[in-house]
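> One structure, pasted below without further comment.
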Amino acid sequence: MNEVKYYRHMFRKRGIPAPEGQCLALRTVLLGELKQELLKTGMTQQQAAKKLGVKQPRISEILNLSIDKFSAELLVKFLYKLGKEVKVTVETEEN
């Protein structure tokens, strides 16, 4: 099971409707990737904030995995600023 499917399943178990769970799962995966990338670079929160064009508290929200604070679009932009490309595939859902 890939990460998105795993998180979607977990959100469904918590009673979140499938469409909303899908979006939350995508944001969760993107935010996790962003956090990993920031930690890998070894930048301070201030340096990361400057690189991403935000204030330091936003970096803290990323590191704390506050998925409710970020849209998928913004997370893709942040990853791009760190030299990462997000690729999307669309598949038929297996029931």
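The values are calculated or read from the model by the stated rules, or taken from the named source; none is laboratory data. As the structure is a prediction and not an experimental result, all values here were calculated from the model. FYI the Cβ positions are ideal-geometry reconstructions off the backbone, even for glycines, and counts take in every protein chain you see.
> Restricting attention to region 5-19, report how many residues are loosely packed, with under 15 Cβ neighbours inside 10 Å, part of a helix (DSSP H, G or I) and either more than 15 Å from the chain's Cα centre (by Cα) or in contact (Cβ under 8 Å) with a residue 24 or more places away in the chain (or both).
5
> Within region 31-48, work out how many residues are farther than 10 Å from LEU63 by Cα, hydrophobic (A, V, I, L, M, F, W, C) and either loosely packed, with under 14 Cβ neighbours inside 10 Å or touching a Leu at 6+ places or on another chain (Cβ under 7 Å) (or both).
Counting residues in region 31-48 that are farther than 10 Å from LEU63 by Cα, hydrophobic (A, V, I, L, M, F, W, C) and either loosely packed, with under 14 Cβ neighbours inside 10 Å or touching a Leu at 6+ places or on another chain (Cβ under 7 Å) (or both) gives 1.
> Quick one: count up the residues across region 52-71 that are among the aliphatic types (A, V, I, L, M) and either modelled with pLDDT under 95 or in a loop (DSSP other than H, G, I, E, B) (or both). Full working, then the answer.
Initial filter on region 52-71 (among the aliphatic types (A, V, I, L, M)): 52, 54, 59, 62-63, 65, 67.
Restricting the remaining residues to those that are either modelled with pLDDT under 95 or in a loop (DSSP other than H, G, I, E, B) (or both) gives 54, 65, 67.
Selection size over region 52-71: 3.
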